[in-house]
Amino acid sequence: IYAYNSVAPWAMTNTIKAVLADTIELCLERGISVTLDLCHWDPNTWMWSRIIAGHEPRYLDYITEVAEIAAAYDSDMVAVELGNEIGTIKIPNGDGSTDPGVYSSATSRTEGETVTMWLDTQNDTITSLRSIIPDHWIIACPHSFQQWEKLCFWPKVGDDRVAMAVHLYDPFE
């Protein structure tokens, strides 16, 4: 279930919370487990580059609200995924702009730096969420569109209730 508000991307409104609760309950009644997933739909919505650089405090606030919703349900049936399509991490233009929409696809940051920053962000987020959802599954993900080949960059997270999500896009048909 994608927790997304296209009108106000960082706002978890009461309407969205009610729709999520209804959808979760509908799935659980049918024996379907649920992952609440923060998916990258709009390039200016999540802005993974800002998140991993610590410039987007709304991310932690939003994922915390998602975790609070998950906390009301069975920890084996409702999981929280920390991100999706992390390959959209882009590098600031370096022009001093603070506009989150001003990003280029240049690669001035090394892959190793990106991996380290995203791993640190995920570990900090997992630590924060554990006070809300101590036993729920948390789904982490590698960088670069969550490709399986990128798992070689990732050490064990250190939490037995963390799984890694990967995507297989080859071939993309």
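What the table shows:
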{"read-out": "Potential extension, LEU168-ALA21 segment - 0.36 nm per residue separation minus Cα distance", "value": "49.9 nm"}
{"read-out": "Cβ-Cβ FRET estimate between LEU28 and ALA53, R0 fixed at 30 Å, reported to 0.05", "value": "0.25"}
{"read-out": "Under-5 Å amide H pairs with VAL34, H placed in peptide plane, nonlocal only", "value": "VAL78, ALA79"}
{"read-out": "Theoretical FRET efficiency, 1/(1+(r/R0)^6), r = Cβ-Cβ of PHE153 and TRP10, R0 30 Å, to 0.05", "value": "0.60"}
{"read-out": "Derived scalar couplings ³J(HN,Hα) [segment 75-82; Karplus, 6.51 cos²θ - 1.76 cosθ + 1.60; whole Hz; x for Gly, Pro]", "value": "5, 8, 10, 10, 10, 10, 9, 6"}
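None of the figures in this text is laboratory data; all of them are computed from the coordinates on show. Just so we're clear, the structure is a prediction, and the values are computed from it rather than from any experiment. Here Cβ is always computed from backbone atoms with ideal geometry, including for glycine, and neighbour counts include all displayed protein chains.
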